[in-house]
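Remarks on the structure that follows.
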Amino acid sequence: MYLLGVDIGTTSLKAAVYDEKGREKGSIHLEYTLNSHGDFVEFDPEEYWKMFLKAYDTLSEGIQIDALSVDTQCETLILADENGTPLCDAIVWLDNRATAEAAEIEAAFGTEKVYTVTGQPEITATWPACKLLWIKRNRPALWEKVRKIFLLEDFILFRLTGEFVTERTLQSSSLYFDIRKGAWWSEMLDYVGLAPEMLPKLCGSAENVGVYRGTAVVTGAIDQIAGAIGAGVTRKGCISEMTGTTMVIFAGSDSIPPFNPNSKVPCHYNYDDQYCLMLWTPTAGMTLKWFKNAFCESESFRDLDVLAEKIAPGCDGLTMLPHLCGSMMPKYNPAARGGFYGFSLEHTKGHFIRSVLEAVACMLKENLDYLGTYVDEIRCMGGGAASPLWCQIKADMTGKKLITLKNKETACLGSAILAGVGAGIFPDVCSATEALVEVDACFLPQSTDYKEVYDRYIYLDRLLNAPDMEAGK
C-alpha cells in the first residue's frame, strides 16, 4: 500500500510517498516565488495545480498510489466562478491589503466576541473575512462573478475530485467559522456579504471525498496540525516544537481557553474534532543563522556547536535576548529588539554562540510556562532538532523529555497518515502514528541547573522588552 502526503507551504511544495510501515519510497521538493508588490502578495492558482501534478506524476511512476492527502498553509484565498475556474491570482495569506477592513470588523464585533466564536485572539488583514470584504468593496466587478470561494487545500481537492469541499481545521482562521459548533458563523457571513453556497461543504479531517486516477483523495489538515501528527503528537502531555526560522509550539486541547485580552495565542479546530493551541515567535533558528552569517560566515552550524560545547552552561554571565524581529508570545511587542548583556574581555565567540542557543531555550520555557498545560514530552522538529547540543539545552532548561524524529518531513508523513486513515488502511490516527512515526533520539533532563540562566533572561526581558519602549531607544 502506498500513501502520498503533500505539504504546500508558503514558498515550496514538498511531497513524499510512504508504504504502510512508514518507509519513504520517494520524495520531491519544488520551490516557487510569490508575486509581491506593497501590501499585495499573490500567486497564480494554476501554478499550484501544476506543481501538484508534477509531484503526483513523479512519485506515482511505476507504482499505484492508494490514497493521498494534502496539507496547506492557512488563509490563502482563490476566488472562482461557478465552474471552479479562478477569476484572479490567489491572495496569499501574507497579503495585508485589508487592514482597514480588519479594523472595521474589530470595531463591529470586538476581539472578545471574535475569539469566543472563532478562537482567534486578534483581527488582522490576514484573515479571509477581511480580504473578502476588501474585494467586495474595491473590486465590485470581480465580486459579482464570484461563485466559489476556495482556500488552497479546497482548490486542490476540487481539481482532483470535482467536489466542492473543505475541512474544518483549514477554516479555523477564516474568521467566519464557529469552532465551537464546527459550522459557518452566519453573523460574520452576513456582515461580509457571503452566501453560504459560495463556501465549500464542511468535512472532517481524514475523510474520503473522491478518487483521482485510482487514488483515494482524503481531506487533510493545516500544515502545523499535519506536522504534529507526523511527529506523533496525539496524546495529552505530548506537544511539538519546531525551531526553524521561527519557533512554533503545538499543543492539543480538549477545551477553548477563556478569553484573555493580553493573550495572542490562537485556538484552532483540531483533526480529532477537539482543539489545539499554537504559539509562535518571530525568530528562533533565524537568530542563530543571523549570528552565523554576520560573524561566522566560513563556519558550518556543526562548527558553531563545537565552539558552544566548550562553554559552560550560563556562558559565564552572558545573556542574550533573541527578539531580532520583535516579540510575539508570550509578550506582544513588535518594537522589541535583541541584545547581548553581561559580556567582558573573557568572553569568546563560543560564549556568544551558546548564549543564542540558551536564549531560544529560555524562550521555549517561557512559552511553555505561559501555556500552562501539562507537558511531559516535547517532539522536536525543524533545523534546530539537528543539533544534539541545542536539544539537550532545551531538555535541561524545560525539565522535559525531548524526542527527535527519523522522518524530518513530518507534515508530509502526517498527511500520508490522514490519507491512510481516510482510505481505511488504519483504524485511526493514533494507531497509525504508533506504526509509522519513528523516534531518532531521546534527550532527558540532566543535572544541569539552568534556573539562574532563566532568571537572568526573564529579568533582562522585563527591563528591555517593554511595550512602551520604542525600537532603537
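The values are calculated or read from the model by the stated rules, or taken from the named source; none is laboratory data. Just so we're clear, the structure is a prediction, and the values are computed from it rather than from any experiment. Don't worry about glycine lacking a Cβ; one is built from the backbone with ideal geometry, like all the others, and counts go over all protein chains shown. Ligands, DNA and RNA are excluded from the accessible area calculation, which covers all protein heavy atoms including side chains. Shrake-Rupley method; radii C 1.70, N 1.55, O 1.52, S 1.80 Å.
Tabulated data
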quantity: The stretch 151-174 residues that are of a type in the set (Phe, Trp, Tyr), paired with ones that are part of a helix (DSSP H, G or I) and crowded, with 24+ Cβ neighbours inside 10 Å (beta carbon under 7 Å, 6 or more apart); calculated: Phe155/Pro45
quantity: Selected residue (criterion: nearest to the chain's Cα centre (by Cα)) from residues of the stretch 246-291 that are modelled with pLDDT of 90 or more, open to solvent by 30 Å² or more (accessible area, probe 1.4 Å) and within 21 Å of Ala361 (Cβ to Cβ); calculated: Met286
quantity: Filtered residues of the stretch 304-345 (kept if modelled with pLDDT of 95 or more, more than 16 Å from Met247 (Cα to Cα), in contact with a Gly (Cβ under 6 Å, 6 or more places away or on another chain) and open to solvent by less than 60 Å² (accessible area, probe 1.4 Å)); calculated: Leu307, Ala308, Ile311, Gly317, Leu318, Thr319, Gly342
quantity: Within the stretch 436-462, tally of residues that are in a helix (DSSP H, G or I) and either under 28 Å from Phe340 (Cα atoms) or among the acidic types (Asp, Glu) (or both); calculated: 12
quantity: Filter result for Gly382 (more than 16 Å from Cys315 (Cβ to Cβ), of a type in the set (Gly, Ala, Ser) and open to solvent by 10 Å² or more (accessible area, probe 1.4 Å)); calculated: yes
quantity: Residues that are of a type in the set (Lys, Arg), part of a helix (DSSP H, G or I) and closer than 19 Å to Ala466 by Cβ, drawn from the stretch 325-371; calculated: none
quantity: Long-range neighbours under 6 Å by Cβ, at least six apart or interchain, first residue under 18 Å from Gly9 (Cα atoms) and part of a helix (DSSP H, G or I) within the stretch 409-422, second charged (D, E, K, R) and open to solvent by 10 Å² or more (accessible area, probe 1.4 Å); calculated: Ala411/Asp7; Ala411/Asp223; Cys412/Asp7; Cys412/Lys14
quantity: Subset of the stretch 173-196 that is of a type outside the set (Ser, Thr, Tyr) and either under 20 Å from the mean Cα position of the chain (by Cα) or in a strand (DSSP E or B) (or both) - its residue that is nearest to Lys136 (Cα to Cα); calculated: Leu175
quantity: Candidates Ala466, Ala441 - the one that is aliphatic (A, V, I, L, M), on the phi < 0 side of the Ramachandran plot, in contact (Cβ under 8 Å) with a residue 40 or more places away in the chain and touching a helix residue (DSSP H, G or I) at 6+ places or on another chain (Cβ under 9 Å); calculated: Ala441
quantity: Residue satisfying all of: in the stretch 1-16; more than 22 Å from the chain's Cα centre (by Cα) and modelled with pLDDT of 95 or more; most open to solvent (accessible area, probe 1.4 Å) among these; calculated: Tyr2
quantity: Hits in the stretch 64-95 (condition: open to solvent by 60 Å² or more (accessible area, probe 1.4 Å), under 21 Å from the mean Cα position of the chain (by Cα) and either among the aliphatic types (A, V, I, L, M) or more than 17 Å from Thr11 (Cβ to Cβ) (or both)); calculated: Leu94
quantity: Test: residue in the stretch 40-59 that is surrounded by 14 or more Cβ atoms within 10 Å (Cβ to Cβ), aliphatic (A, V, I, L, M) and assigned to a loop (DSSP other than H, G, I, E, B); calculated: no
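The rows are residues; the columns are (1) surrounded by fewer than 23 Cβ atoms within 10 Å (Cβ to Cβ); (2) touching a strand residue (DSSP E or B) at 6+ places or on another chain (Cβ under 8 Å); (3) on the phi < 0 side of the Ramachandran plot; (4) polar (S, T, N, Q).
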residue	(1), (2), (3), (4)
Pro128	no, yes, yes, no
Asn138	yes, no, yes, yes
Glu153	no, yes, yes, no
Leu157	no, yes, yes, no
Thr161	yes, yes, yes, yes
Phe164	yes, yes, yes, no
Ser174	no, yes, yes, yes
Ala183	yes, yes, yes, no
